[in-house]
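Data block below; observations after.
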Amino acid sequence: KAGVTQTPRYLIKTRGQQVTLSCSPISGHRSVSWYQQTPGQGLQFLFEYFSETQRNKGNFPGRFSGRQFSNSRSEMNVSTLELGDSALYLCASSLAGQGYSPLHFGNGTRLTVT
Amino acid sequence: TQLLEQSPQFLSIQEGENLTVYCNSSSVFSSLQWYRQEPGEGPVLLVTVVTGGEVKKLKRLTFQFGDARKDSSLHITAAQPGDTGLYLCAGEGGTSYGKLTFGQGTILTVHP
């Protein structure tokens, strides 16, 4: 069974640009969550999607958005990039996204904003 | 806001030593998960504990969930260089919909 796939693995962008990251969940998993990981803040929850609906959202500005497609694949978009957006962005999939349904993480997209 | 305080932040030990990592909160969690993350990879789930007082063993790793479901510990016996990595605790509170509250992590280095 293929794991969670995130593309691209690395991205370098300039301040003010926007970026789109992609996540393909494990087959059969309908919940996709996104996390930001930085050395200072650790892993912080961005949002979760289930059946194309955002069910939960973390405390990030509106520049961070996401969506989920009918095949459960998900994308997240960051507009007007800031230097502080440099981080490892992790996607995780699960069967249900709650009730002890474990999260399976991808290897992340490393975003560098210059 | 639920917070998880994880300690120690760094741990450098010799092969064969024992160690314990702690995860504490003032909030009650419905479950507590432990992950291990290696450089360049995403976190990998080690265990989920859901019942207060629960103890789970995974080979040389022992996980415990506090009676009040506010704290947890990870104990490694006879650490090996292959145990080196970032260990993360994460709590799930109520109807979380994919949201876990992570501790800051413990970077463990086991020297041969």
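The values are calculated or read from the model by the stated rules, or taken from the named source; none is laboratory data. If you're wondering where the values come from, they're calculated on a predicted model, not measured in any experiment. Note that we place each Cβ from the backbone using ideal geometry, even for glycine, and neighbour counts take in every protein chain shown. These area figures cover heavy atoms from the full protein model, side chains too; ligands, DNA and RNA do not enter into them. Shrake-Rupley method; radii C 1.70, N 1.55, O 1.52, S 1.80 Å.
Would you tally the residues in segment B:39-62 being within 19 Å of A:Leu43 (Cα to Cα) and more than 10 Å from chain A (Cβ to nearest Cβ)?
2
Residue check: is A:Leu21 of a type in the set (A, V, I, L, M, F, W, C), over 23 Å from B:Gly103 (Cα atoms), modelled with pLDDT of 95 or more and in a strand (DSSP E or B)?
Criteria met by A:Leu21.
Could you say whether any residue in segment A:35-50 is without any contact (Cβ under 8 Å) to a residue 40 or more places away in the chain, more than 20 Å from B:Tyr35 (Cα to Cα), assigned to a strand (DSSP E or B) and not aliphatic (A, V, I, L, M)?
yes
Would you point out which residue out of B:Tyr35, B:Tyr22 is more than 12 Å from chain A (Cβ to nearest Cβ) and either of a type outside the set (Gly, Ala, Ser) or open to solvent by 60 Å² or more (accessible area, probe 1.4 Å) (or both)?
Details: B:Tyr35 fails: more than 12 Å from chain A (Cβ to nearest Cβ).
Exactly one residue qualifies, and that residue is B:Tyr22.
Going by what's in this entry, would A:Phe60 be described as within 11 Å of the chain's Cα centre (by Cα), over 21 Å from B:Gln33 (Cβ atoms) and among the aromatic types (Phe, Trp, Tyr)?
Values: within 11 Å of the chain's Cα centre (by Cα): no; over 21 Å from B:Gln33 (Cβ atoms): yes; among the aromatic types (Phe, Trp, Tyr): yes.
Considered against the rule, which asks whether it is within 11 Å of the chain's Cα centre (by Cα), over 21 Å from B:Gln33 (Cβ atoms) and among the aromatic types (Phe, Trp, Tyr), A:Phe60 comes out as no.
Just need a number here: residues in segment B:95-112 that are assigned to a strand (DSSP E or B) and buried (at least 20 other Cβ atoms within 10 Å of the Cβ). Before you say what the answer is, go through the steps one by one.
Going through segment B:95-112, the residues assigned to a strand (DSSP E or B) turn out to be B:101-102, B:106-111.
Within this subset, residues satisfying the condition of being buried (at least 20 other Cβ atoms within 10 Å of the Cβ) are B:101-102, B:106, B:108, B:110.
Of the residues in that region, 5 qualify.
Within segment A:69-110, how many residues turn out to be within 14 Å of chain B (Cβ to nearest Cβ) and in a loop (DSSP other than H, G, I, E, B)?
Qualifying residue count, segment A:69-110: 13.
Is it the case, given these coordinates, that B:Gln9 is within 11 Å of another protein chain (Cβ to nearest Cβ), among the polar types (S, T, N, Q) and either open to solvent by 60 Å² or more (accessible area, probe 1.4 Å) or closer than 15 Å to A:Pro102 by Cα (or both)?
yes
From the list A:Arg67, A:Arg30, A:Arg63, A:Arg55, which one is surrounded by fewer than 18 Cβ atoms within 10 Å (Cβ to Cβ), in contact with a strand residue (DSSP E or B) (Cβ under 7 Å, 6 or more places away or on another chain) and touching a residue at least 24 places away in the same chain (Cβ under 8 Å)?
Answer to the selection: A:Arg30.
Testing B:Ser30 on (1) polar (S, T, N, Q); (2) at the interface with another protein chain (Cβ under 10 Å from one of its Cβ atoms); (3) crowded, with 19+ Cβ neighbours inside 10 Å, one condition comes back false. Which one is that?
Answer for B:Ser30: the failing condition is (3).
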